[in-house]
Amino acid sequence: KWRYVLPIEDDLLVPPDAVIRLCESIEEGPFDGVSGMYWTKSEDLPMPMAYGSPEEFARTGVLDFRPRDVTDALKSGGIMPVNGIACGCSLYRMSLFKDLPFPWFVTSPSTTQDLAMCGVARRAGKTFAVDCRVRCGHLDFETGRVY
């Protein structure tokens, strides 16, 4: 009976308007899932958790999950379509889960559970985006550093 699922992981610092912004994005866009913008926890090279080019997937049929260049979307505060999103601060339509086979999140040696689910969903015609207005901090509990 619910319209959305909103997972928020305990290592994310979420802005107070995150839910409002994510709801706006998913309601106004054609997306089945939208996440906030945050980075991997890496001392050397934190990467944006915005994965793959939907344009390339549409053109070639090759589904990739390489981190995207989010510079322009961050500057404009835009919504960037992607092939995959991380679950840490994300909003999903309930219909996404009703349309996909269970189990939805399965970890494997080659990918994370969130990107594995996005792969199944993209192949089923579902769409995702990152809302660069929702900028989250990604806290490393051991060091106290926020990415």
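The values are calculated or read from the model by the stated rules, or taken from the named source; none is laboratory data. Because the structure is predicted, anything quoted here is derived from the model rather than measured. Cβ placement follows ideal geometry from the backbone for every residue including glycine, while neighbour counts extend to all protein chains displayed. Only protein heavy atoms, including side chains, enter the accessible area calculation; ligands, DNA and RNA are left aside. Shrake-Rupley method; radii C 1.70, N 1.55, O 1.52, S 1.80 Å.
Would you pick out the residues in segment 25-61 that are assigned to a helix (DSSP H, G or I) and either among the aromatic types (F, W, Y) or touching a residue at least 60 places away in the same chain (Cβ under 8 Å) (or both)?
Residues of segment 25-61 assigned to a helix (DSSP H, G or I): 25-28, 54-60.
Within segment 25-61, S25, I26, P54, F57 qualify.
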With criteria (1) open to solvent by 70 Å² or more (accessible area, probe 1.4 Å); (2) within 13 Å of the chain's Cα centre (by Cα), K1 comes up short on (2)
Per the filter on segment 8-28, residues surrounded by 15 or more Cβ atoms within 10 Å (Cβ to Cβ) and touching a strand residue (DSSP E or B) at 6+ places or on another chain (Cβ under 7 Å) are I8, D11, L12, V14, P15, A18, R21, L22, C23, S25, I26
So, first residue surrounded by 10 or more Cβ atoms within 10 Å (Cβ to Cβ) in segment 98-109, second residue assigned to a loop (DSSP other than H, G, I, E, B), Cβ within less than 8 Å, six or more apart or across chains; the pairs are D99/A124; D99/K126; L100/A124; L100/K126; F105/C87
Among S110, S90, the single one that is among the hydroxyl-bearing types (S, T, Y) and closer than 21 Å to R3 by Cβ is S90
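Filter segment 62-90 down to residues that are assigned to a loop (DSSP other than H, G, I, E, B) and open to solvent by 70 Å² or more (accessible area, probe 1.4 Å), then give me how many there are.
Residues of segment 62-90 that are assigned to a loop (DSSP other than H, G, I, E, B), as a first pass: 62-66, 68-70, 77-78, 83, 86-88.
Remaining after also requiring open to solvent by 70 Å² or more (accessible area, probe 1.4 Å): 62, 66, 69.
So the answer is 3.
Is it fair to say R59 is exposed (fewer than 14 other Cβ atoms within 10 Å of the Cβ), closer than 25 Å to M94 by Cα and among the basic types (K, R)? Break it down into steps so the answer makes sense when it comes.
Numbers: exposed (fewer than 14 other Cβ atoms within 10 Å of the Cβ): yes; closer than 25 Å to M94 by Cα: no; among the basic types (K, R): yes.
No: the conditions fail for R59.
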Going through segment 29-47 in order, the residues found to be farther than 20 Å from H138 by Cα and surrounded by 14 or more Cβ atoms within 10 Å (Cβ to Cβ) are G29, F31, D32
The one condition F141 fails out of (1) farther than 29 Å from K1 by Cα; (2) aromatic (F, W, Y); (3) open to solvent by less than 60 Å² (accessible area, probe 1.4 Å) is (3)
Filter segment 116-147 for residues that are of a type in the set (K, R) and outside any strand (DSSP E or B); the one that is nearest to V19 (Cα to Cα) is K126
